[in-house]
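The values are calculated or read from the model by the stated rules, or taken from the named source; none is laboratory data. Since the structure is predicted, the reported quantities are computational estimates derived from the model, not experimental observations. No Cβ is skipped: glycine too gets one built from the backbone with ideal geometry, and neighbour counts run over all protein chains shown. For the accessible areas, the whole protein counts, side chains as well, though only heavy atoms, and no ligand, DNA or RNA atoms are used. Shrake-Rupley method; radii C 1.70, N 1.55, O 1.52, S 1.80 Å.
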Amino acid sequence: MSLKKFFVVLIVIFQVNASSNAQTTSQQQSPFLSEGKPVDAGMSEERLNRIDGMLEKAISDNTIPGAVALIARNGKIVFHKAYGQANAQGKKLQKDAIFRIASQSKAITSTAVMMLWEEGKFQLDDPISKYIPEFKNPQVLANFRYADTTYTTRSANREITIRHLLTHTSGLGYGVIDGDERMEMIYHKAGTTDLFTAEDVKIKDVVMKLAKLPLHHNPGEKYTYGLGLDVLGYFIEIMSGMTFEAFLEERLFDPLGMDDTGFYLPESKADRLVAIQHKVNEKWEDYPNTFYDVNYPVKGAKTFFSGGAGLSSTAKDYATFLQMYLNGGELNGKRFLSRTTIATMMADQTLELYGGADQHYGLAFGVLTERGQAKGGLGSPGTFVWGGYFNTQYFADPQEQIIGIIMKQTQGGTGDQTAWKFKQMVGAAVDD
């Protein structure tokens, strides 16, 4: 055998081994999402038309500039429509429009973490310092001086674990959008990057800075929305030996057929990205660059893979991801997660630290309780939800096998009530 052929064989063997480790075949064989008639999915077409009317009215009332809504039941898309404009110049919004999904990225990152967990690579209560030593001996903010942003710390009473990072109980903050202005100032001074940058920044650079900063509180003590999922994006790189972007492409997006989901868009898809809009004197205008770059998915260095907020997607792609969950972790004969793993992910991970009686927090999902169902319009117990910074929302109801997604791209208060109306009206459209 020639040396050239030898290397070709080695490459083929490597690719086979890599793909065999990507996802396993399943005894189940759930099809990809496809369009279906409402009546065949146990949904009322007349009541779905009410949702259509509600969204049309939101456009005519000028409370939102545009939206894409999708409803699926039992693996069939029974409603998928676009409304309004994609930018302030009046470009018509299309069903395949691409949206910055921001914090909806967290569920995808959590999924990637748990795929590696299923391979026995770590335990949820392992300290993150076992894999990222810079987090050893975390410190908690004690005193802060506003005059010069200096501060003192005390030692935390425990290490940050992977579970803490998944559940926003690590004590890490969220920089420029942090609820505590002291932490906002500390993060700014340290030069951390939270989200949406076109600069040449890598997630490792940010995580190394975070590891040196004080925590809000002892790990596991409180629920504080923060950059834990970004730390886990870098953790995935360490555990997989791949960039976080490459891992998601190989292990999730490609096999799920999520062709329009990723951190950055190629030029061929740039015109499908919806502009962020805000209302100025009752008129919608494209949002300017502020603490983030509105062009981050299509321009710039394209090197920052934010596990907490960096992805863009379409309504159908995200519905495909959620359908995999409703199928118990399988789609198209491929097993991404075991249903036993999903049960752990949806279980109450934070007890009294989050949500009260109506909702608990799992591993990067808010999950409805029986008390939550009793409030009405929120779904069945076990319904899991979250949203994104630019006004995108989703919910998936395992009991009713319903997915609802409504995507917008707005900033600032607009009087928008489409999210709660959409969810409430979707449940009311069940007709079986």
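So if we plug the beta-carbon distance of Gln123 and Gln94 into 1/(1 + (r/R0)^6) with R0 = 45 Å, what FRET efficiency do we get, rounded to 0.05? Once rounded, the FRET efficiency stands at 0.50. Of Asp259, Asp52, Asp397, Asp286, the residue with the largest accessible area leads and the full order is Asp259, Asp286, Asp52, Asp397 (1.4 Å probe). Relative to a virtual label point 7 Å from the Cα of Lys375 in the Cα→beta-carbon direction, which members of the stretch 396-432 show backbone nitrogen distances below 13 Å? What the label zone holds, given the 13 Å backbone N cut-off, is 420-421, 424. Taking a ≥ b ≥ c as the square roots of the Cα gyration tensor eigenvalues, with a/c under 1.5 meaning rounded and otherwise prolate when a/b beats b/c, else oblate, which class fits the stretch 161-320? Oblate, because a/c is 1.5 or more while a/b does not exceed b/c.
When a/c reaches 1.5 or more, the comparison of a/b and b/c decides; with that in mind, is the chain rounded, prolate or oblate per its Cα gyration tensor? In terms of gyration-tensor shape, rounded.
For Asp293 and Thr63, the FRET efficiency from 1/(1 + (r/R0)^6), where r spans their Cβ atoms and R0 equals 30 Å, is about 0.65.
Here the simple spin-label model places points 7 Å from the Cα toward Cβ, and for Ala428 and Glu181 these points are separated by 4.2 nm. Paramagnetic label reach from Gln417 (point 7 Å along Cα→Cβ; backbone nitrogen cut-off under 20 Å): within the stretch 34-63, residues 47-63. Here Arg154 and Asp286 are evaluated by their C-beta separation; at R0 = 45 Å the FRET efficiency comes out at 0.45.
Bridgeable lysines around Lys92 (alpha carbons under 24 Å apart, same-chain partners fewer than 8 residues away excluded): Lys57, Lys81, Lys269, Lys279, Lys283, Lys299, Lys316, Lys408, Lys421. Within the accessible area of the chain, the carbon and sulfur atoms contribute 49%, probe 1.4 Å, all protein chains present. A straight chain from Glu199 to Asp348 at 0.36 nm per residue would run longer than the Cα-Cα distance by 49.9 nm. Rounded, prolate or oblate, given the Cα gyration tensor of the stretch 309-349, with a/c below 1.5 counting as rounded? Note, shape of the stretch 309-349 comes out oblate. Probing with 1.4 Å while keeping every protein chain in the model, the per residue accessible area of the stretch 169-321 equals 37 Å². With each label modelled as a point 7 angstrom along the Cα→C-beta vector, the Lys212-Glu45 pair spans 6.4 nm. Inter-part distance, the stretch 270-317 to the stretch 113-133, computed on C-alpha centroids, equals 32 Å.
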